[in-house]
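Have a look at the structure below before the remarks.
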Amino acid sequence: MLIIGATMIYRSQDDQTTAIAQRETSSGLAAAETGINRVYNFLTANRVFSQYPSSDGLQSYSWQNDQTWETLVANADTNPIIVDQCFTETAINEAVDELELYVGGVWVPIDENRPEEGQFQVISYEYIGADKDDEKNIDAGVLIGRGILQVKGRVNTDSEDDTGDSDLGTAISSLQVEIPILKNQPAVRSVPGLWSLSPYLQGNQKVEGDIMVSGITGSGCDIFADGVLDALQESIVGPGQVIPAPGVSQPDLPPLPALENRNEIAAITGNATFPRAGDKFVTRTIDGVTTEVYHYNIGTVPNGSKSPLSIDLGGSRTVTVRTGTKTVAGETRQQMVIFHANGSVSVGGSASIRHLEMDTVNAANNKAFFQLYGRGSTGTPAGSFATPDFFLCMNGTPESSYFVLGPDYTYGVNGGGGAAATIYGTVWVKQVSNSNITLLSGATLPCGSSSNQIIVKQELTMDDLTAVEDILGQTGVLDGDTPTPPVLRPFINWRRLSND
């Protein structure tokens, strides 16, 4: 009986030990799983790090062999990989502080206030995938590589000492997962209705479409200041989005055609229809169709000086621009009109600029076949609102659709406030003003609205932009050559590792 009793006690103790070991192993596994999720969440929030290995020992497959998590941390203050992300100083410090926990064998507590939850340690992270040059030739949404993440978890319920994996009572589990990494979309995927260098859209002015902002500093990181992008999003009517494009320059203005191929106008101040009979044009092939392009250089006078206002419409004056398809000697042709404004543009009163389809009273089909380029340049940076400055000042009366590019122009809407948009198309300018802005000289801008006016409704498509790019001689928006951080998919191939 004593032997039987002793055997039962031994078995009971053995079963209890086994149960404890299983429980601790399960806890160690839970700690490792928590570590996997913690690091994965960090990488999804800081995706640029996902294409770099954690340490020097894994560089053979890295995207850029002289960078690892260790070197990124060591050179965080100057390393462009971190700094160029346009994080605020606080965000940079937070990212670096967390990254430091994942290098050098640091044991990270699951919960500082609950030591019984255990700890985890990043064993390694390896990126295996396409190199930087090959990645350019891969389409968005396609797998470019995978991250191999190994994490160790442990619990130690018998001691407060958290040093050493071999302490009595320490249960350890090691896990590995793979993170699929996909090529991201280019930074810009559509034609923004409003593209402004300055991210400030004061006065409750609205945009029906996408808003793209590049920033008023060289890097453009000012667009990520607290609340800026949120305020822009609140200015959008409908399904549009804010597109951050820090430091991205607007397209250069197209060169003027030779004098014999363009039409010179001192200013437009009254009723007129373009093109006029006898106006000069150049012939281009756009989308396979012969196109007559009428260029008007507005705001110059015989002595070469520039007038303050290239277009100055008041009262009920109307400028009508006709574009579209026509037949010339049995040949189907297209007609395009381009205004080159050397001075400012002001449309006041109930005046309007209308863009109509050929021989109809209907709005033009291709919005990009009427283009307005603001050629005036003061060289003053966005956000300064210095004087003299060039401006595009509209009266709030619903206008027609056209493409506007004025890299040194301030756009404002003075009047209106109804539901209809002022410009249907695209407006790419230095900044948007309102009546509350005061110039550095103390004067107030000549236009600007603080109403709920829709200052532009986006109506140009990527297909329409072909006509603009043909004139610009360059890509109008980013075409994917400038990469954005990759897309991380949920991790796969979860498996346990030995604890050697």
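Quick notes
- Packing-based ranking, highest mean first, of 346-353, 276-283, 458-465, 485-492 given that Cβ atoms within 10 Å are counted: 346-353, 458-465, 485-492, 276-283
- Exceeding the 23 Å Cα-Cα cut-off - candidates 152/183; 280/326; 367/457; 183/206; 206/367: 152/183; 183/206
Read-outs: derived from the displayed coordinates by stated rules, not from any lab. Keep in mind that this is a model prediction, so the values were computed, not measured. Every residue, glycine among them, receives a Cβ derived from its backbone with ideal geometry; neighbour counts consider all protein chains shown.
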